[in-house]
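Report on the following structure.
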Amino acid sequence: MFPQHSHSTSLSSSSVLIFKFSAATVTSGAKMTFYDDIYPFYPLQRTSFIFSGRLLTIILVFLVLAGGLLLILPGIRGKSRLFWTFRIFISLFIGAVIVALNFTNDWAEARMTTNATYKSFSNAVVNAEIGLHVGLYGINVTLKGNPVVQFNETIDYNEIFSWHDTIEEEYEEALEKGLPNPILYIAEKFTLSSPCGLIYQYRYSGRYASATLWTAFCCWMLANILFSMPVILYAGYMMLFTAAFIFFSMASFSTIMNVPQCVFSIGTDSFETEYSHSFWLALATGVLCTIIGILVVMFNYMIPEKMKEAFSVGVDSYEDEDVAYGEGYLNSVFLDGVTISPLPSKVSTEHI
């Protein structure tokens, strides 16, 4: 069930606080004990996670870009205005999704509601919803009581454990803070000492998936630049490359399903991780980029002039040998004493 060493570690890290509290209790004559479901030797609970600051920043940045680009729409006339609006929103949606997927924590997740031991040094059992959310840079472990307030405490946790270097330090900090046992149990599964060995596969899969997503973002930027130049065909190719790298990131993350599944058993129940919202959003975005790329390439071969007109790309209106001169007027004041010779006729190439 729960790792035995977590209890002993919590005891050693909090022993000083425990003895201080015991002395204070004896002095004051209070009847409080360590096993009456009150945990005064733990730090105050942090405020529950509401919304990721990184995701909020990404959304605000792309909203500002969308607002700035929409300012140019009044200068576009006719049906092109509707096409430009559609093009701006689709393009910014793809870019925002690619960047946001790097920082979301729900590529894979698992949830269950069960009765579990709440904290160390206590036999108190709480009914709570436990969740594991896996991202590219770490995991989120959630614990929400049912009801939220139990034992005069608000049970609403969302703890982040990242694996930039190692998760061991964050796990030790969680032990020192005295986090609930279900959170410690799940986090312990991702440590280097765990027999499951989840950290190796999850960490490297996340790194490769993130690297390919950033490559897809670069391809997306190149595609937008090429759409503003008379090379629409290459812009379509870059959209296909964007889709390809998104699919590569999904394939990289999917390798976590190839490792032997480690069953998380808490209380009398257990759960396993499955693909979640971010994974399916990446798939939908990759399919959208594929459709756009295929349509651009196909239409560029079928109706190239219409495509250039739709994307407002300048087209050369006259050839080198077919130069048309309109009727002109000469100011005689500036041409006094200047002899104007007629334009020589084109020499036939047959005599050359």
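The values are calculated or read from the model by the stated rules, or taken from the named source; none is laboratory data. Quick caveat: nothing in here was measured; it's all calculated off a predicted structure. Every residue, glycine as well, gets a Cβ built from its backbone with ideal geometry; the counts of neighbours run over all protein chains shown. The protein model used for the area step is the full one, side chains on, heavy atoms only, and it has no ligands, DNA or RNA in it. Shrake-Rupley method; radii C 1.70, N 1.55, O 1.52, S 1.80 Å.
Residues in segment 190-214 that are open to solvent by less than 30 Å² (accessible area, probe 1.4 Å) and closer than 16 Å to Ala108 by Cβ: Phe190, Leu198, Ile199, Tyr202, Arg203, Ser205, Gly206, Ala209, Ser210, Leu213.
Of all residues in segment 220-239, those satisfying the criterion of being assigned to a helix (DSSP H, G or I) and open to solvent by less than 60 Å² (accessible area, probe 1.4 Å) are Trp220, Ala223, Asn224, Leu226, Phe227, Ile232, Leu233, Ala235, Gly236, Met238, Met239.
Within segment 89-107, not a single residue is charged (D, E, K, R) and in a strand (DSSP E or B).
Among the numbered conditions (1) more than 27 Å from Val148 (Cα to Cα); (2) at pLDDT 50 or above; (3) of a type in the set (Ser, Thr, Tyr), the only one that Tyr118 does not meet is (1). Restricting attention to segment 133-174 and to residues that are β-branched (Val, Ile, Thr) and open to solvent by 10 Å² or more (accessible area, probe 1.4 Å), the residue that is nearest to Tyr185 (Cα to Cα) turns out to be Thr142.
Would you check if there is a residue in segment 283-298 being within 30 Å of Thr113 (Cα to Cα), in contact with a strand residue (DSSP E or B) (Cβ under 8 Å, 6 or more places away or on another chain) and modelled with pLDDT of 65 or more? No, segment 283-298 contains no residue that is within 30 Å of Thr113 (Cα to Cα), in contact with a strand residue (DSSP E or B) (Cβ under 8 Å, 6 or more places away or on another chain) and modelled with pLDDT of 65 or more.
Of the residues making up segment 109-128, those that are open to solvent by less than 30 Å² (accessible area, probe 1.4 Å) and either among the small types (Gly, Ala, Ser) or not in a strand (DSSP E or B) (or both) number 8.
Exactly one of these conditions fails for Gly267: (1) surrounded by 14 or more Cβ atoms within 10 Å (Cβ to Cβ); (2) within 19 Å of Leu136 (Cα to Cα); (3) modelled with pLDDT under 90. Give me its number. All conditions pass for Gly267, except number (2). If you go through segment 129-138 one residue at a time, do you hit one that is touching a Gly at 6+ places or on another chain (Cβ under 9 Å), in a strand (DSSP E or B), assigned by the TED database to the domain that holds Met307 and of a type in the set (Phe, Trp, Tyr)? Taking every residue of segment 129-138 in turn, none turns out to be touching a Gly at 6+ places or on another chain (Cβ under 9 Å), in a strand (DSSP E or B), assigned by the TED database to the domain that holds Met307 and of a type in the set (Phe, Trp, Tyr).
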